[in-house]
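Okay, structure first, notes after.
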Amino acid sequence: MDMTINRQKATGGASGYLTIDLGALRENYLMLQAKAPQSVTSAVVKADAYGLGADMVAPVLYGAGCRHFFVAHIDEAISLRLRLAGDAAIFVLNGLQPGNEASCAAMNITPVINSLEQLAQWAMHAKVLDKPLPAALQIDTGMSRLGMAPQEIETLKTSPDLLDRIDITFIMSHLACADEPDHTANGAQLSVMRRAAEMFPNTPVCFANSGGIFLGADYHNAIMRPGIALYGGAPSAVRPNPMTPVVRLDVAVVQTRSVPADTLVGYGGSLRTKGETRLATIAAGYADGLPRSLSNRGAAYFQGVRLPIAGRVSMDSISLDISALPEGTLRHGSLVQLIGPDQSLEDIAEDAGTIAYEILTGLGQRYRRTYLQPGALAQTGDTTDADE
Ligand SMILES: *Cc1c(COP(=O)(O)O)cnc(C)c1O
(Lines give C-alpha, C1' and ligand atoms only; values in the text may rest on other atoms or scores of the structure.)
Protein backbone atom coordinates (compact mmCIF):
# COMPACT_ATOMS: atom_id res chain seq x y z
CA MET A 1 0.00 0.00 0.00
CA ASP A 2 1.07 3.53 -0.41
CA MET A 3 1.21 3.96 3.33
CA THR A 4 1.56 7.68 2.88
CA ILE A 5 -2.08 8.08 1.92
CA ASN A 6 -3.22 11.31 3.40
CA ARG A 7 -5.31 10.23 6.32
CA GLN A 8 -4.85 13.32 8.38
CA LYS A 9 -7.87 15.10 7.05
CA ALA A 10 -11.22 14.09 8.42
CA THR A 11 -13.03 11.96 5.89
CA GLY A 12 -16.47 10.52 5.94
CA GLY A 13 -17.24 11.06 9.59
CA ALA A 14 -16.38 7.59 10.88
CA SER A 15 -14.71 7.19 14.25
CA GLY A 16 -11.90 5.12 12.88
CA TYR A 17 -10.61 3.80 9.58
CA LEU A 18 -9.07 0.41 9.10
CA THR A 19 -7.35 0.17 5.74
CA ILE A 20 -6.47 -3.33 4.54
CA ASP A 21 -4.14 -3.54 1.57
CA LEU A 22 -5.01 -6.68 -0.36
CA GLY A 23 -2.20 -5.92 -2.84
CA ALA A 24 0.31 -6.10 0.01
CA LEU A 25 -1.31 -9.33 1.18
CA ARG A 26 -0.84 -10.82 -2.29
CA GLU A 27 2.75 -9.55 -2.40
CA ASN A 28 3.46 -11.21 0.95
CA TYR A 29 2.02 -14.51 -0.24
CA LEU A 30 4.16 -14.43 -3.40
CA MET A 31 7.24 -13.47 -1.41
CA LEU A 32 6.84 -16.46 0.95
CA GLN A 33 6.21 -18.74 -2.02
CA ALA A 34 9.36 -17.42 -3.73
CA LYS A 35 11.42 -18.18 -0.61
CA ALA A 36 10.67 -21.87 -1.06
CA PRO A 37 9.79 -22.57 -4.68
CA GLN A 38 9.92 -26.36 -4.09
CA SER A 39 7.21 -26.11 -1.44
CA VAL A 40 3.55 -25.31 -1.64
CA THR A 41 2.51 -22.23 0.32
CA SER A 42 -0.83 -22.54 2.05
CA ALA A 43 -2.56 -19.85 4.10
CA VAL A 44 -3.83 -19.76 7.66
CA VAL A 45 -7.04 -17.73 7.62
CA LYS A 46 -8.40 -18.67 11.04
CA ALA A 47 -10.07 -16.06 13.25
CA ASP A 48 -11.51 -14.29 10.22
CA ALA A 49 -8.06 -14.09 8.61
CA TYR A 50 -6.50 -12.70 11.78
CA GLY A 51 -9.30 -10.17 12.04
CA LEU A 52 -8.90 -8.78 8.54
CA GLY A 53 -11.91 -10.49 6.96
CA ALA A 54 -11.56 -14.01 5.57
CA ASP A 55 -14.20 -13.29 2.92
CA MET A 56 -11.99 -10.59 1.43
CA VAL A 57 -8.60 -12.15 2.17
CA ALA A 58 -9.08 -15.77 1.05
CA PRO A 59 -10.16 -15.03 -2.56
CA VAL A 60 -7.12 -12.78 -3.03
CA LEU A 61 -4.84 -15.56 -1.81
CA TYR A 62 -6.64 -18.01 -4.07
CA GLY A 63 -5.99 -15.60 -6.94
CA ALA A 64 -2.30 -15.60 -6.02
CA GLY A 65 -2.23 -19.39 -6.38
CA CYS A 66 -3.05 -20.59 -2.87
CA ARG A 67 -5.09 -23.82 -2.77
CA HIS A 68 -4.75 -24.89 0.87
CA PHE A 69 -6.52 -22.90 3.58
CA PHE A 70 -6.45 -23.47 7.33
CA VAL A 71 -9.09 -22.35 9.81
CA ALA A 72 -9.54 -23.27 13.46
CA HIS A 73 -13.28 -23.98 13.67
CA ILE A 74 -15.74 -25.92 11.58
CA ASP A 75 -18.02 -22.88 11.19
CA GLU A 76 -15.12 -20.90 9.74
CA ALA A 77 -14.53 -23.76 7.31
CA ILE A 78 -18.17 -23.84 6.26
CA SER A 79 -18.32 -20.14 5.45
CA LEU A 80 -15.01 -20.33 3.62
CA ARG A 81 -16.25 -23.33 1.61
CA LEU A 82 -19.09 -21.19 0.29
CA ARG A 83 -16.61 -18.48 -0.69
CA LEU A 84 -13.92 -20.53 -2.45
CA ALA A 85 -13.85 -22.71 -5.56
CA GLY A 86 -14.07 -26.48 -5.17
CA ASP A 87 -10.36 -27.04 -5.81
CA ALA A 88 -9.47 -25.14 -2.64
CA ALA A 89 -8.78 -27.54 0.21
CA ILE A 90 -9.94 -26.37 3.62
CA PHE A 91 -8.48 -27.79 6.84
CA VAL A 92 -9.82 -27.43 10.37
CA LEU A 93 -6.90 -27.10 12.78
CA ASN A 94 -8.85 -27.77 15.97
CA GLY A 95 -9.85 -31.09 14.51
CA LEU A 96 -12.99 -33.12 14.50
CA GLN A 97 -15.47 -32.25 17.22
CA PRO A 98 -18.00 -35.01 17.86
CA GLY A 99 -20.94 -34.33 15.58
CA ASN A 100 -18.98 -32.60 12.82
CA GLU A 101 -18.26 -35.71 10.76
CA ALA A 102 -21.24 -35.38 8.42
CA SER A 103 -20.75 -31.67 7.69
CA CYS A 104 -17.02 -32.14 7.08
CA ALA A 105 -17.62 -35.01 4.69
CA ALA A 106 -20.55 -33.35 2.93
CA MET A 107 -18.79 -30.01 2.45
CA ASN A 108 -15.41 -31.35 1.44
CA ILE A 109 -13.73 -30.01 4.56
CA THR A 110 -10.68 -31.88 5.81
CA PRO A 111 -10.26 -32.25 9.55
CA VAL A 112 -6.83 -32.12 11.10
CA ILE A 113 -6.91 -35.29 13.18
CA ASN A 114 -5.34 -34.55 16.55
CA SER A 115 -5.94 -37.74 18.52
CA LEU A 116 -6.55 -41.46 18.10
CA GLU A 117 -10.06 -40.80 19.33
CA GLN A 118 -10.69 -38.35 16.48
CA LEU A 119 -9.15 -40.79 14.05
CA ALA A 120 -11.50 -43.56 15.20
CA GLN A 121 -14.44 -41.16 14.87
CA TRP A 122 -13.48 -40.20 11.29
CA ALA A 123 -12.72 -43.82 10.34
CA MET A 124 -16.16 -44.82 11.63
CA HIS A 125 -17.79 -42.17 9.46
CA ALA A 126 -15.83 -43.39 6.45
CA LYS A 127 -17.17 -46.85 7.18
CA VAL A 128 -20.74 -45.53 7.40
CA LEU A 129 -20.35 -43.73 4.07
CA ASP A 130 -18.43 -46.68 2.70
CA LYS A 131 -15.89 -44.42 1.05
CA PRO A 132 -12.43 -43.12 1.91
CA LEU A 133 -12.24 -39.73 3.65
CA PRO A 134 -9.32 -37.29 3.63
CA ALA A 135 -7.53 -36.24 6.79
CA ALA A 136 -4.44 -34.37 7.87
CA LEU A 137 -2.68 -36.05 10.80
CA GLN A 138 -1.18 -33.76 13.39
CA ILE A 139 1.76 -34.95 15.42
CA ASP A 140 2.78 -33.22 18.63
CA THR A 141 6.52 -32.73 18.24
CA GLY A 142 6.99 -30.74 21.41
CA MET A 143 4.30 -28.15 22.00
CA SER A 144 1.92 -30.34 24.03
CA ARG A 145 -1.07 -28.55 22.57
CA LEU A 146 -2.67 -30.41 19.69
CA GLY A 147 -1.80 -33.60 17.89
CA MET A 148 -0.86 -37.17 18.60
CA ALA A 149 2.22 -37.98 20.57
CA PRO A 150 4.80 -39.89 18.51
CA GLN A 151 4.13 -42.95 20.74
CA GLU A 152 0.46 -42.83 19.79
CA ILE A 153 1.45 -42.85 16.15
CA GLU A 154 3.41 -46.02 16.93
CA THR A 155 0.24 -47.70 18.15
CA LEU A 156 -1.27 -47.14 14.70
CA LYS A 157 1.03 -49.90 13.55
CA THR A 158 -0.85 -52.34 15.75
CA SER A 159 -4.28 -51.12 14.65
CA PRO A 160 -3.76 -50.28 10.98
CA ASP A 161 -7.49 -50.75 10.31
CA LEU A 162 -7.91 -47.24 11.75
CA LEU A 163 -6.31 -45.95 8.56
CA ASP A 164 -8.11 -48.31 6.17
CA ARG A 165 -10.48 -45.75 4.77
CA ILE A 166 -8.46 -42.61 5.57
CA ASP A 167 -6.54 -40.78 2.86
CA ILE A 168 -3.77 -38.93 4.64
CA THR A 169 -3.39 -35.65 2.75
CA PHE A 170 -0.29 -34.76 4.78
CA ILE A 171 1.16 -35.10 8.23
CA MET A 172 1.74 -31.88 10.10
CA SER A 173 3.15 -30.40 13.27
CA HIS A 174 3.49 -26.92 14.71
CA LEU A 175 6.59 -25.12 15.98
CA ALA A 176 6.39 -23.55 19.43
CA CYS A 177 9.35 -21.17 19.15
CA ALA A 178 9.75 -20.46 15.44
CA ASP A 179 9.88 -16.70 16.02
CA GLU A 180 13.09 -17.22 17.99
CA PRO A 181 15.51 -18.51 15.34
CA ASP A 182 18.15 -19.56 17.88
CA HIS A 183 15.81 -21.48 20.16
CA THR A 184 16.93 -25.09 20.57
CA ALA A 185 13.29 -26.28 20.52
CA ASN A 186 13.19 -25.65 16.74
CA GLY A 187 15.82 -28.25 15.87
CA ALA A 188 14.43 -30.64 18.48
CA GLN A 189 10.94 -30.46 16.99
CA LEU A 190 12.34 -30.89 13.48
CA SER A 191 14.11 -34.13 14.47
CA VAL A 192 10.98 -35.52 16.07
CA MET A 193 9.03 -34.63 12.93
CA ARG A 194 11.57 -36.35 10.70
CA ARG A 195 11.39 -39.53 12.74
CA ALA A 196 7.60 -39.47 12.66
CA ALA A 197 7.66 -38.86 8.89
CA GLU A 198 9.56 -42.14 8.42
CA MET A 199 6.41 -43.92 9.53
CA PHE A 200 4.51 -42.33 6.63
CA PRO A 201 6.67 -42.79 3.55
CA ASN A 202 5.61 -40.73 0.53
CA THR A 203 3.25 -38.65 2.62
CA PRO A 204 3.75 -34.87 2.32
CA VAL A 205 4.92 -33.02 5.44
CA CYS A 206 3.41 -29.68 6.46
CA PHE A 207 5.46 -28.02 9.18
CA ALA A 208 6.52 -24.37 8.94
CA ASN A 209 4.41 -21.46 10.14
CA SER A 210 5.59 -17.92 9.29
CA GLY A 211 8.57 -18.10 11.61
CA GLY A 212 9.44 -21.61 10.41
CA ILE A 213 9.70 -20.43 6.80
CA PHE A 214 12.55 -18.13 7.87
CA LEU A 215 14.43 -20.87 9.75
CA GLY A 216 15.85 -22.21 6.49
CA ALA A 217 15.17 -24.86 3.87
CA ASP A 218 15.26 -27.74 6.39
CA TYR A 219 11.99 -26.44 7.75
CA HIS A 220 10.14 -25.90 4.45
CA ASN A 221 9.04 -29.45 3.60
CA ALA A 222 6.20 -30.06 1.15
CA ILE A 223 3.68 -27.54 2.44
CA MET A 224 4.25 -24.33 4.38
CA ARG A 225 1.57 -22.85 6.58
CA PRO A 226 2.03 -19.13 7.23
CA GLY A 227 -0.44 -16.84 8.95
CA ILE A 228 0.91 -13.65 10.49
CA ALA A 229 3.52 -12.94 7.78
CA LEU A 230 0.78 -12.82 5.13
CA TYR A 231 -0.84 -10.04 7.13
CA GLY A 232 2.39 -8.06 7.40
CA GLY A 233 3.38 -9.23 10.88
CA ALA A 234 7.00 -10.03 11.70
CA PRO A 235 7.88 -13.73 11.36
CA SER A 236 10.77 -13.30 13.76
CA ALA A 237 10.85 -11.63 17.15
CA VAL A 238 14.49 -10.61 16.74
CA ARG A 239 15.14 -9.91 13.05
CA PRO A 240 13.91 -6.96 10.96
CA ASN A 241 10.45 -7.55 9.50
CA PRO A 242 10.76 -8.38 5.78
CA MET A 243 7.01 -8.35 5.13
CA THR A 244 4.98 -5.57 3.54
CA PRO A 245 2.52 -3.86 5.90
CA VAL A 246 -1.10 -4.76 5.18
CA VAL A 247 -2.95 -2.83 7.87
CA ARG A 248 -3.29 0.80 8.63
CA LEU A 249 -5.42 2.21 11.45
CA ASP A 250 -6.41 5.86 11.85
CA VAL A 251 -8.73 7.16 14.55
CA ALA A 252 -10.64 10.44 14.68
CA VAL A 253 -10.24 13.17 17.27
CA VAL A 254 -13.57 13.97 18.92
CA GLN A 255 -12.49 16.72 21.28
CA THR A 256 -9.44 18.76 22.25
CA ARG A 257 -8.89 20.71 25.45
CA SER A 258 -6.25 22.40 27.51
CA VAL A 259 -5.97 21.61 31.23
CA PRO A 260 -3.83 23.20 33.96
CA ALA A 261 -1.18 21.46 36.03
CA ASP A 262 -2.42 18.99 38.66
CA THR A 263 -5.45 17.85 36.64
CA LEU A 264 -6.52 14.23 36.74
CA VAL A 265 -7.02 12.51 33.38
CA GLY A 266 -9.29 9.53 32.72
CA TYR A 267 -10.71 6.72 34.86
CA GLY A 268 -9.10 6.25 38.22
CA GLY A 269 -7.26 9.55 37.86
CA SER A 270 -4.20 7.52 36.97
CA LEU A 271 -2.51 10.53 35.38
CA ARG A 272 -2.05 13.89 37.09
CA THR A 273 -0.77 16.56 34.71
CA LYS A 274 2.59 18.07 35.63
CA GLY A 275 2.09 21.32 33.80
CA GLU A 276 -0.46 22.86 31.53
CA THR A 277 -1.33 20.10 29.07
CA ARG A 278 -3.19 19.96 25.81
CA LEU A 279 -5.26 16.82 25.35
CA ALA A 280 -7.14 15.22 22.48
CA THR A 281 -9.77 12.54 22.95
CA ILE A 282 -9.90 10.00 20.13
CA ALA A 283 -12.83 7.77 19.26
CA ALA A 284 -11.55 4.25 19.88
CA GLY A 285 -10.83 2.28 23.01
CA TYR A 286 -10.44 -1.20 24.35
CA ALA A 287 -13.72 -2.27 22.72
CA ASP A 288 -11.93 -1.54 19.43
CA GLY A 289 -8.98 -3.71 20.24
CA LEU A 290 -6.71 -1.06 21.73
CA PRO A 291 -5.87 -2.86 24.96
CA ARG A 292 -6.21 -1.25 28.36
CA SER A 293 -2.58 -2.16 28.91
CA LEU A 294 -1.72 0.78 26.62
CA SER A 295 -2.88 3.11 29.43
CA ASN A 296 -0.13 5.71 30.11
CA ARG A 297 2.23 3.65 27.90
CA GLY A 298 1.29 3.65 24.24
CA ALA A 299 0.97 6.49 21.74
CA ALA A 300 -0.64 7.66 18.54
CA TYR A 301 1.09 9.69 15.83
CA PHE A 302 0.21 12.83 13.92
CA GLN A 303 2.47 14.09 11.14
CA GLY A 304 5.26 11.99 12.61
CA VAL A 305 4.89 13.41 16.13
CA ARG A 306 4.44 10.96 18.99
CA LEU A 307 1.36 11.69 21.08
CA PRO A 308 1.49 9.69 24.32
CA ILE A 309 -1.66 8.05 25.67
CA ALA A 310 -2.69 10.04 28.73
CA GLY A 311 -4.44 8.13 31.51
CA ARG A 312 -6.39 4.94 31.08
CA VAL A 313 -7.76 3.57 27.85
CA SER A 314 -11.59 3.71 28.05
CA MET A 315 -14.03 1.43 26.25
CA ASP A 316 -14.71 3.84 23.38
CA SER A 317 -12.09 6.54 23.74
CA ILE A 318 -8.52 7.36 24.60
CA SER A 319 -6.97 10.67 25.67
CA LEU A 320 -3.71 11.73 24.07
CA ASP A 321 -1.23 14.30 25.29
CA ILE A 322 -0.87 16.54 22.23
CA SER A 323 1.27 19.22 23.88
CA ALA A 324 4.13 18.37 21.47
CA LEU A 325 2.10 19.71 18.53
CA PRO A 326 1.77 23.39 17.73
CA GLU A 327 -1.55 24.66 19.03
CA GLY A 328 -4.42 24.28 16.59
CA THR A 329 -2.71 21.56 14.53
CA LEU A 330 -5.01 18.83 15.72
CA ARG A 331 -8.71 19.54 15.58
CA HIS A 332 -12.05 17.91 16.03
CA GLY A 333 -12.23 15.42 13.14
CA SER A 334 -8.48 15.12 12.57
CA LEU A 335 -7.19 11.56 12.23
CA VAL A 336 -4.30 10.21 14.25
CA GLN A 337 -2.38 7.10 13.27
CA LEU A 338 -2.41 4.07 15.54
CA ILE A 339 -0.93 1.57 13.07
CA GLY A 340 0.96 2.72 9.98
CA PRO A 341 4.32 4.06 8.85
CA ASP A 342 5.04 5.75 12.21
CA GLN A 343 3.98 2.87 14.43
CA SER A 344 4.08 -0.73 13.29
CA LEU A 345 1.83 -3.49 14.48
CA GLU A 346 4.78 -4.81 16.50
CA ASP A 347 5.39 -1.38 18.07
CA ILE A 348 1.87 -1.03 19.40
CA ALA A 349 1.82 -4.70 20.46
CA GLU A 350 5.00 -4.20 22.44
CA ASP A 351 3.63 -1.13 24.21
CA ALA A 352 0.54 -3.17 25.06
CA GLY A 353 2.65 -6.04 26.39
CA THR A 354 1.31 -8.41 23.78
CA ILE A 355 1.98 -9.70 20.27
CA ALA A 356 0.92 -8.51 16.81
CA TYR A 357 -1.44 -11.50 16.53
CA GLU A 358 -3.53 -10.35 19.47
CA ILE A 359 -3.69 -6.76 18.25
CA LEU A 360 -4.78 -7.81 14.74
CA THR A 361 -7.40 -10.31 15.84
CA GLY A 362 -8.81 -7.83 18.35
CA LEU A 363 -9.39 -4.85 16.05
CA GLY A 364 -13.07 -5.66 15.76
CA GLN A 365 -15.90 -4.45 13.61
CA ARG A 366 -16.38 -0.82 14.62
CA TYR A 367 -13.85 0.74 12.27
CA ARG A 368 -14.90 1.72 8.80
CA ARG A 369 -13.01 -0.72 6.62
CA THR A 370 -11.42 0.04 3.29
CA TYR A 371 -9.97 -2.79 1.23
CA LEU A 372 -7.37 -1.70 -1.29
CA GLN A 373 -7.61 -4.08 -4.23
CA PRO A 374 -4.47 -5.70 -5.67
CA GLY A 375 -3.18 -3.73 -8.60
CA ALA A 376 -5.38 -0.74 -7.86
CA LEU A 377 -3.81 2.63 -7.29
CA ALA A 378 -3.78 3.47 -3.62
CA GLN A 379 -7.12 4.99 -2.86
CA THR A 380 -9.25 5.01 0.19
CA GLY A 381 -12.61 4.22 -1.25
CA ASP A 382 -14.37 7.13 0.40
CA THR A 383 -15.15 9.93 -1.99
CA THR A 384 -14.07 12.82 0.21
CA ASP A 385 -10.51 11.58 -0.19
CA ALA A 386 -10.58 11.56 -3.94
CA ASP A 387 -9.47 15.14 -4.35
CA GLU A 388 -6.47 14.91 -2.05
C1 LIG B 1 -2.01 -20.22 13.78
C2 LIG B 1 -1.27 -21.37 13.25
C3 LIG B 1 -0.38 -21.22 12.18
C4 LIG B 1 0.05 -19.89 11.63
O5 LIG B 1 1.07 -19.39 12.45
P6 LIG B 1 1.79 -17.99 12.15
O7 LIG B 1 2.76 -17.88 13.25
O8 LIG B 1 0.70 -16.97 12.21
O9 LIG B 1 2.40 -18.09 10.81
C10 LIG B 1 0.17 -22.37 11.62
N11 LIG B 1 -0.13 -23.58 12.12
C12 LIG B 1 -0.97 -23.76 13.18
C13 LIG B 1 -1.22 -25.12 13.68
C14 LIG B 1 -1.54 -22.66 13.80
O15 LIG B 1 -2.34 -22.83 14.84
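The values are calculated or read from the model by the stated rules, or taken from the named source; none is laboratory data. Not measured: the values here are computed from a predicted model. We place every Cβ from the backbone using ideal geometry, glycine too, and count neighbours over all the protein chains shown. Accessible surface areas use protein heavy atoms only, side chains included; no ligands, DNA or RNA. Shrake-Rupley method; radii C 1.70, N 1.55, O 1.52, S 1.80 Å.
Starting from the exponent 0.38 and prefactor 2.2 Å, build the expected Rg for segment 269-316 from its residue count and divide its actual Cα Rg by it. Kindly include the intermediate steps, with their values, before the conclusion.
Numbers: Rg = 10.9 Å, N = 48, 2.2 N^0.38 = 9.6 Å.
Scaled against compact globular proteins, the figure is 1.14.
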Normalise the Debye intensity by I(0) for segment 81-137, one equal point scatterer per Cα, no solvent, then take log10 at q = 0.19 Å⁻¹ and round to two decimals. -0.61
Treating segment 163-235 as a set of equal point scatterers at the Cα positions, no solvent, please give the Debye-formula log₁₀ I(q)/I(0) at q = 0.12, 0.21, 0.27 Å⁻¹. -0.33, -0.87, -1.26
So, taking all protein chains as they sit and a 1.4 Å probe, how much accessible area belongs to residue 357, in Å² rounded to tens? 80 Å²
Using the alpha-carbon centroid of each, what span in Å lies between segment 338-355 and segment 86-152? 37 Å
Expected field for residue 127, accessible surface area in Å² at 1.4 Å probe radius, rounded to 10, holds 120 Å²
Given Cβ charges of +1 for Lys and Arg and -1 for Asp and Glu, the option among 92, 115, 63 whose Cα lies farthest towards the positive end of the dipole of segment 53-128 is 63
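Just from its helices, what would the mean residue ellipticity at 222 nm be for the chain, if runs of 4 or more DSSP H residues each count -39500 (n - 2.57) and the sum is divided by every residue, rounded to the nearest 500 deg cm²/dmol? Please list the in-between numbers first.
Details: 11 runs with 98 residues, N = 388.
That comes out to -7000 deg cm²/dmol.
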Using the Kirkwood formula over every pair of different C-alpha atoms, what hydrodynamic radius in Å results for segment 87-238? 16.0 Å
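Determine, from the Cβ-Cβ distance of residue 180 and residue 217 and an R0 of 25 Å, the FRET efficiency 1/(1 + (r/R0)^6), rounded to the nearest 0.05. Walk me through the intermediate numbers first.
Values: r = 19 Å, r/R0 = 0.75.
E(calc), rounded to 0.05, equals 0.85.
Dipole magnitude of the chain about its Cα centre, charges +1 at Lys/Arg Cβ and -1 at Asp/Glu Cβ only, in debye to the nearest 20?
I would put it at about 340 debye.
Could you tell me the calculated FRET efficiency between residue 237 and residue 152, based on Cβ-Cβ distance and R0 = 41 angstrom, to the nearest 0.05? Spell out each step's value before the answer.
Details: r = 31 Å, r/R0 = 0.77.
Rounded to the nearest 0.05, the efficiency is 0.85.
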For the residue 259, residue 306 Cβ pair and Förster radius 22 Å, calculated FRET efficiency rounded to 0.05 is 0.65
Along the charge dipole of the chain, Cβ charges K/R +1 and D/E -1, which of 44, 104, 23 sits furthest on the positive end? 23
For residue 369, enumerate residues with amide H under 5 Å from its amide H, sequence gap 5+ or separate chain, H modeled in the peptide plane. 18
Tell me, what % of the accessible area of the chain is carbon and sulfur with a 1.4 angstrom probe? 51 percent
Surface per residue (accessible, 1.4 Å probe) for segment 142-297, Å²: 46 Å²
Rg and Dmax of segment 246-380, using alpha carbons, in Å: what are they? 14.9, 52
Bounding extents of segment 295-361 in its principal axis frame from Cα atoms, largest first in Å, are 36, 25, 19
Can you give me the angle between helix 184-198 and the longest principal axis of the chain, using Cα atoms only, in degrees from 0 to 90, rounded to the nearest 10? 30 degrees
Point-charge dipole on Cβ atoms (K/R +1, D/E -1) for segment 240-367, about Cα centre, debye to 20: 300 debye
Using the alpha-carbon atoms, what tilt in degrees (0 to 90, nearest 10) does helix 22-35 show relative to the longest principal axis of the chain? 50 degrees
Sorting 285, 261, 183 by the position of each Cα along the dipole of the chain (Lys, Arg +1; Asp, Glu -1; all at Cβ), the one nearest the positive end of that ordering is 261
Under 8 Å for C-alpha pairs, at least 6 residues apart: give me the relative contact order for the chain, rounded to a whole percent. 20 percent
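Go through 214, 207 and list them by solvent-accessible area, largest first, probe radius 1.4 Å.
Sorted by accessible area, descending: 214, 207.
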Can you give the Rg/Rh ratio of the chain, where Rg is from the C-alpha atoms and Rh is the Kirkwood radius? 1.05
Summing +1 per Lys or Arg and -1 per Asp or Glu among the other residues with Cβ less than 9 Å from residue 271's Cβ gives +1
